[in-house]
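The values are calculated or read from the model by the stated rules, or taken from the named source; none is laboratory data. Computed from a prediction, not measured in an experiment: that's the story for all the values here. All Cβ positions, even for glycine, are placed from backbone atoms using ideal geometry, and neighbour counts span all protein chains on display. Protein only, heavy atoms only, side chains kept; ligands, DNA and RNA dropped before computing areas. Shrake-Rupley method; radii C 1.70, N 1.55, O 1.52, S 1.80 Å.
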Amino acid sequence: MVATVRELAEWLEGEFVGDGELAIKSARPLAEAQAGDITFAEDERRLLELHQCQASAAVVPLGTPANGKPLIRVRDPLMTFARIVERLRGHSASTAMGIHSSASIHPTAEIATGATIDPFVVIGPGCRIGARCRIGNGVSVGADCRLGDDVVLHPHVALYDRAILGNRVIIHANSVIGADGFGYRLQGGGHVKVPQLGHVEIGDDVEIGACTTIDRGTFGATRIGAGTKIDNLVMIGHNCQIGRHNLLVSQVGIAGSSSTGDHVVMAGQVGVRDHIHIGAGAAISAQSGIRLPVPDGARMLGYPALPEATQRRI
């Protein structure tokens, strides 16, 4: 679609300077923007680059002086620009509501108003799917799962039985929620499986990246706290209790029965042994190995992980 700078500014409740009737056809970042595009700059360095950019207009912070281009001034240029991108692209066919004829939904499942269920989805007995959920191609939802409102499951997500998802949870393609925990006992010279009879609970506003796995509890629940964001290719073992608003970056591995406080950050490829607690506000640097409990607010680095200042001196 096409919109004028004035129309975009009014829709965003921003203030504009310059030619408000200029037509905008597309939204692109600074390095790619051409005539007819709108771009954005959110800091001093980007504002300097804006002078050389070919874009016809820009979204900028409040108070930015006029520079010859039509500008839309807002508090948060990045998030505002994202809204413009979505608006100019329009609605795709995948946003159409309804249940595709090829979906297999058990008669005892409850589907709330406004849900979108794409082709070849399987929803098991006793499930409850909340309002406005979007379930992508080939998703498998096991028996007795509960999904809150506005949940998004991207293609080929697998939810094992009894998974519980809060409101506004997003799970990206090919992730597996609720697989058996890795538990065995050595008996008679062989490894005998310990039954994994629990489930997974995921709080509100959690986002889980592609190809991530979260194992069910042995008897109780593996839990992911509200607001936590989990990257691609993360592994969380059985019985783990992850706090609220954690950030777990790609290839983090957390062994069973470990726990974290709120606002913990683990950079890429951090490994955590089993039965370890990581305190609230802790930050773990990339490729660190955690073998001992981590206090609240600590910054850890290295393998084995030590306080960051100590490890840097070493």
Item to complete: Output the number of the condition that ALA27 fails; it satisfies all remaining conditions of (1) within 30 Å of ARG134 (Cα to Cα); (2) surrounded by fewer than 21 Cβ atoms within 10 Å (Cβ to Cβ).
Response: (2)
Practice prompt. Please indicate, with yes or no, whether at least one residue in the range 111-127 is among the charged types (D, E, K, R) and not in a loop (DSSP other than H, G, I, E, B).
Written response: no
Response to the item:
Restricted to the range 63-84 and to residues being among the aliphatic types (A, V, I, L, M) and free of Cβ contacts under 8 Å to residues at least 40 places away in the same chain, the residue surrounded by the most Cβ atoms within 10 Å (Cβ to Cβ) is ALA82
Item to complete: Looking only at the range 269-314, count how many residues are under 25 Å from the mean Cα position of the chain (by Cα) and among the acidic types (Asp, Glu).
Response: 2
Discussion item. Yes or no: the range 182-190 includes at least one residue that is surrounded by 23 or more Cβ atoms within 10 Å (Cβ to Cβ) and within 26 Å of VAL249 (Cβ to Cβ).
Written reply: no
Worksheet entry | Complete set of residues in the range 98-148 that are on the phi > 0 side of the Ramachandran plot and open to solvent by 70 Å² or more (accessible area, probe 1.4 Å) | PHE120, ARG132, ASP144
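Residues are listed down the side, and each one gets a yes or a no for (1) assigned to a loop (DSSP other than H, G, I, E, B); (2) on the phi > 0 side of the Ramachandran plot; (3) polar (S, T, N, Q):
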{"position": "ARG6", "(1), (2), (3)": "no, no, no"}
{"position": "GLU21", "(1), (2), (3)": "yes, no, no"}
{"position": "PRO29", "(1), (2), (3)": "yes, no, no"}
{"position": "ALA35", "(1), (2), (3)": "yes, no, no"}
{"position": "THR39", "(1), (2), (3)": "no, no, yes"}
{"position": "ARG45", "(1), (2), (3)": "no, no, no"}
{"position": "PRO65", "(1), (2), (3)": "yes, no, no"}
{"position": "ARG73", "(1), (2), (3)": "no, no, no"}
Worksheet entry | Of the criteria (1) of a type in the set (S, T, N, Q); (2) modelled with pLDDT under 95; (3) part of a loop (DSSP other than H, G, I, E, B), which one SER94 fails | (3)
Discussion item. Only one of LEU12, LEU22, LEU47 is out of contact with any Leu (no Cβ under 9 Å at 6 or more places or on another chain), in contact (Cβ under 8 Å) with a residue 60 or more places away in the chain and surrounded by 12 or more Cβ atoms within 10 Å (Cβ to Cβ). Can you tell me which?
Written reply: LEU12
